[in-house]
1. If you scan region 455-483, which residues turn out to be open to solvent by less than 40 Å² (accessible area, probe 1.4 Å), farther than 25 Å from residue 354 by Cβ, touching a Leu at 6+ places or on another chain (Cβ under 8 Å) and part of a helix (DSSP H, G or I)?
2. Any residue that is within 22 Å of residue 271 (Cα to Cα), touching a Phe, Trp or Tyr at 6+ places or on another chain (Cβ under 7 Å) and surrounded by 21 or more Cβ atoms within 10 Å (Cβ to Cβ) - is there at least one of those in region 171-181?
3. Determine whether region 381-392 contains at least one residue that is assigned to a loop (DSSP other than H, G, I, E, B), modelled with pLDDT under 95 and under 18 Å from residue 468 (Cα atoms).
4. Only residues that are in a helix (DSSP H, G or I) and open to solvent by 20 Å² or more (accessible area, probe 1.4 Å): list them for region 247-271, please.
5. If residue 503 passes every condition in (1) open to solvent by 10 Å² or more (accessible area, probe 1.4 Å); (2) more than 26 Å from residue 348 (Cα to Cα) but one, which one does it miss?
6. So is residue 557 surrounded by fewer than 16 Cβ atoms within 10 Å (Cβ to Cβ), within 19 Å of residue 531 (Cβ to Cβ) and out of contact with any Ser or Thr (no Cβ under 9 Å at 6 or more places or on another chain) or not?
7. Applying the selection to region 82-119, what residues are outside any loop (DSSP other than H, G, I, E, B), touching a helix residue (DSSP H, G or I) at 6+ places or on another chain (Cβ under 7 Å) and among the charged types (D, E, K, R)?
8. Residue 321 passes all but one of (1) closer than 30 Å to residue 549 by Cα; (2) of a type in the set (Ser, Thr, Tyr); (3) open to solvent by 20 Å² or more (accessible area, probe 1.4 Å); which number fails?
Amino acid sequence: MENFYADSPTPLIPPAKRVPKRLRDGLRMLLHSVYPDHDQDVLLEQTVSAFWPDDEQPKRRGRAPGNTLWNQRDSYVITYGNTFVNGEHKPLDLLFDFLDSRLKNIATGVHILPYFPYTSDDGFAITDYYAVDGGLGAWEDIGRIADNFRLMSDLVINHCSSQSMFFNEYRLGHPPYDKFFFEASPDEDLSMVVRPRAHPLLRQVETAGGIKHVWCTFSHDQVDFDFSNPEVLLEFLRILRFHIAKGVRTLRLDAIAFLWKEPGTPSIHMRQTHDIVRLIRLLADYTREPLVLLTETNVPNTENLSYFGNRNEAHMIYNFSLPPLLLHALLNGTSKHLNAWQMSMPPAQLGCAYFNFTASHDGIGMRPAEGLLSEEDISRVIETVQSFGGLLSLRKMPDGGTRPYEINIALFDALKGTVDGVDEWNIERFLCSQIIAMGLEGIPGFYIHSLLATQNDREGVEKTGHNRAINRHRWHYPDLLEQLDDPDSTHAKVFTALTRVLKLRTKQATFHPNATQFTLQLGEQLFGFWRQSIDRSQSMFAIHNLTREEVSVPAMSLNLIGGETWHDVLSGEDIRELGGEIRFAPYQCRWITN
């Protein structure tokens, strides 16, 4: 029999904290890789004690990679904690009311964007990782949502607020915080550093030890941690364990690609960064709670895929190339580039899944389109979206120039027309974009403002001075409910249609996140793929018209298995009754299954 708790001449872990040998060996290897100059015995004990404090224990066996952490019923709603306000109730109360009354048994998970006290960037400059922003509610409100939906929460691990306790203690020179933040000299060569923003990288601050220059990847109010100090890692393991105890079951590792810094290098996707993700994954595999890790890496496609590791890093990665490619396809009425990308995408490895989304609280990232769309295609998408009221955010390049980083716009408005201008197909075109994301291999995530067909919030941009506010509208809750209860409102039409299709999706075994997928070649006007359930009992042809023209396809081109009855799940039509041609109205989607 395997010895799970191999003895050691000198106990590395307190006797009450017996650790399986595989876990101990895995942690030791990763800690040595990241911190080779530190006492490994001490660091191992500190790591285990940080993640499993008091009487908590790891599982005896690690959770093996498999496809049981999710199924076709799973989808997430992405929202801020204060998307709904009424001036009377706590925003988290209103969020729970909306989820419970409108989305129960439709969506299984909710990603509440940072709900901690903060100073800027709508929550991503955190001052206290152990508290809930009092303007939203309290931990009991988070717990109520976690009791009814799978809770995804952000571990903003790369940086914190310049007004946080951590940074205040750093400036005062109090250990261990005096070494918590990454310092660099303006004289060092930082030209190779990959930048997501255009502001200066270093910020000068006064400390008890004199003038220092701290590294700020995203803004001068968001100061980057120094993970070369293991005390920083240990603190985040304590934070992670605290969040798990509060009900978090899906963990979003925010801006993880920038974690490890070294002047003279790009300081993105560093080896140590991947090792730290592997370490967190290893710990997650031994938690008694079914913890899922999602990495947030808004980068070109091949770089993004690297965070699956060898089934030993993220359980899920964002499908970051999908939003810009889907937008291009629907604005131009062609599946050419969407098809080419989809055909090149590897099936997610066992124990891994893609997280498919079409819009987010940030914007539509253009870096993930690099190498997939030409410069001319990218420029045309940007020009078209700007004509629909969209804005553009830039990033700084090593030569000092700038390039497009993301488009800022409400997706409903981004699809109000095509490259030829605004037309009458806004709702149909938008629904097509969301139904495509529902059918693709992976788990779908829906930004709340997409579900609600919220339009551009230009007033929010003017008020805050930030482009991203255009897609971060705060709904007055009574007004929203009135709109959703009016069947003639655009918001009700879109929400009703999407929730109906989501309900249908939950019943299709072919939409298990790891079910087989093949891309169909049906001409540029259509985007289609074939899915087959894991047990091979169900097949599905998901086909979508990307144009405002009526399109037809010969039924025989789909290779429908003879002797079986095929029908369209979305329309209810029997395919045999359609004759030899399957017709698609403008932007119509069909799920043809046996």
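The values are calculated or read from the model by the stated rules, or taken from the named source; none is laboratory data. Everything numeric here is computed off the predicted structure, so don't read it as measured data. Virtual Cβ from ideal backbone geometry, glycine too; neighbours counted across all protein chains shown. Keep in mind that these areas ignore ligands, DNA and RNA; they rest on the heavy atoms of the full protein, side chains included. Shrake-Rupley method; radii C 1.70, N 1.55, O 1.52, S 1.80 Å.
1. Residues satisfying the conditions are 461, 470, 477, 480.
2. Yes - at least one qualifying residue is present in region 171-181.
3. no
4. The answer is 258, 271.
5. Residue 503 satisfies all of (1) open to solvent by 10 Å² or more (accessible area, probe 1.4 Å); (2) more than 26 Å from residue 348 (Cα to Cα) except (2).
6. Spelling it out, residue 557 is indeed surrounded by fewer than 16 Cβ atoms within 10 Å (Cβ to Cβ), within 19 Å of residue 531 (Cβ to Cβ) and out of contact with any Ser or Thr (no Cβ under 9 Å at 6 or more places or on another chain).
7. 93, 100
8. If we test residue 321 against (1) closer than 30 Å to residue 549 by Cα; (2) of a type in the set (Ser, Thr, Tyr); (3) open to solvent by 20 Å² or more (accessible area, probe 1.4 Å), just (3) comes out false.
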